[in-house]
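First the structure, in the form of structure tokens, and then the observations on it.
What follows is calculated from the coordinates using simple rules that are stated; it is not laboratory data. Quantities reported herein were computed from a predicted structural model and do not represent experimental measurements. Methodologically, a virtual Cβ is constructed for each residue, glycine included, from the backbone with ideal geometry; neighbour enumeration extends over all protein chains shown.
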Amino acid sequence: MTLDCDILIAGAGPAGCAAAYDLAQAGKQVILLDKRTFPRQKPCACGLTRKTLKALRYSVDPVIERVCHEIVLQPTTEGGDSGAVNSAHSTATHKSANVRVKTRNPICAMAVREVFDSFCLQQTLLAARQGGSIELRKIDRITTLRELPDAIELDVATPRGPETLRASILIGADGSNGQTRRLTHQDNGAPSQDGFALEATVPYASLPSTLPNGASPHDLVFDFAPLPGGYGWLFPKADHINIGVGAFAPSFAAPSSQKRLPSAKDPAQQDIKHVTRALLLNYAQQKLGVTTLPHITGQQLGMGGHAYVPRGRVLLVGDAAGLVDPLTGEGIHSAIVSGQAAAAAILDCDLYNQPDIAAAYARHLSPLLKTLAFSHRAARAFYAHPERGFKAMRTPFMRSLILKTYADGLPHTSLISALAKLTT
Ligand SMILES: Cc1cc2nc3c(=O)[nH]c(=O)nc-3n(C[C@H](O)[C@H](O)[C@H](O)COP(=O)(O)OP(=O)(O)OC[C@H]3O[C@@H](n4cnc5c(N)ncnc54)[C@H](O)[C@@H]3O)c2cc1C
């Protein structure tokens, strides 16, 4: 059978680009499919932790708008009544309970996702070495996916008409709403739940001269008060703040069947325990003193992939494999690391010996899945009683350890043994 390339990759986000980059550098022929034309918008606050920057094969300095050395963590209201949006009064009352952490090394770099993704795609398209190649193709959707004994076959609808593409392996990097996971029925052990987040941008120019409670517009804020099972955030960029609310915790996140954006007319918006436009508007008013948010967007975050077992000729990566961290909602790091793991597995194996590739991918992915399994347990414990987590963070040692784990991906064994020492 004639193949169109060695590897087909569906999705040119961080996961697909990370895989394509390593494969093309190693001399493989890659076709990278995306249903959108870049630059394209993607709901994402684009906070890039140190571990994310380290995982990338190239510097993204040209698209970094701000580097944050300080983080403000805002706790839930006392008594654990995390189901209510704080009023200005209660925020002021508990302001002293905020944890403000400064570090010598940057905690998080800020980019705009549309710009970041375009930059990464450009770097990826330049990556080919040793006869490798990457061809970027726009498709409308995958209509059929067939796993043959010795190849993978995709029927795709394209602006040029229907096409059939054949390759040895398909990397499913098409995100939380993608098709590859559904078409290959890789749901056993893979994501059973998604998180959900809404965001908007507020230009500094449209902020009132003084923010409520005297807050600084340039603070990087994680706020655990607005909703259970997640947090509100303020991520400061060059000329605007990215503001959002998201639910991530396994016991709180929406079931994956809820694949729609809650609308302003949705009765669920009355319930502030759900991530709704009303909740975000209320939060923006409370934190930034603005009364309108012109452009609210949102998306599911693929979660639950700590139990993912790769099989066959389709390797799922990033959100498609459910690899967002359920404690923090961070997904770009997992997307890059899993894309690189899929590439490493393919490069380890004879492309025509498919069972080895799935097993090799499982091996390369294992450190990330262990970390996510830890986060899964930690998220359940933390979001059930966030006030206890805040108590622990009052210890400088724990604070710096938790922060280092978020920023650098410190092995969780260090965190567990530190917790054990503290509690004995
Ligand atoms: C509101 C919000 C805020 C977030 N903030 C952060 C943050 O600050 N930091 C962080 O680390 N993570 C954040 N995340 C999570 C992060 O955005 C994702 O985890 C990350 O984008 C996953 O990358 P990916 O490559 O797997 O998928 P994506 O980035 O979703 O890329 C998938 C690509 O596949 C394409 N595609 C989809 N379907 C098809 C198809 N059928 N055929 C071909 N192509 C297709 C899409 O067009 C897209 O280009 C946030 C998420 C949300 C929703």
Stretch gain in nm, segment N177-A97, where the contour uses 0.36 nm per residue and the Cα spacing is subtracted: 25.0 nm
Stretch gain in nm, segment R399-E163, where the contour uses 0.36 nm per residue and the Cα spacing is subtracted: 79.6 nm
Ordering of 235-247, 167-179, 207-219, 393-405 by burial proxy (mean other Cβ atoms within 10 Å per residue, highest first): 167-179, 235-247, 393-405, 207-219
3J(HN,Hα) from dihedral phi, segment 65-71, Karplus parametrisation 6.51/-1.76/1.60, rounded to Hz, x for glycine, proline: 9, 6, 10, 9, 9, 9, 9
Proximal charge balance of H69 [Cβ under 10 Å; K/R count +1, D/E count -1]: +1
Under 5 Å, built H, 5+ apart or other chain: amide partners of F196: A247, A254, L301
Integer Hz, Karplus 6.51/-1.76/1.60 couplings in order for segment 98-104, x for Gly and Pro: 4, 9, 10, 10, 10, 9, 6
Zero-based 10 Å bins, Cα pair distances in segment 1-81, whole percents: 12, 33, 28, 15, 8, 3, 0
Spin-label pair S206/Q123, simplified geometry with 7 Å Cα→Cβ offset, distance in nm: 3.1
Which listed pairs, of K51/K404; K28/K370; K51/K287, have C-alpha distances above 19 Å, in listed order: K28/K370; K51/K287
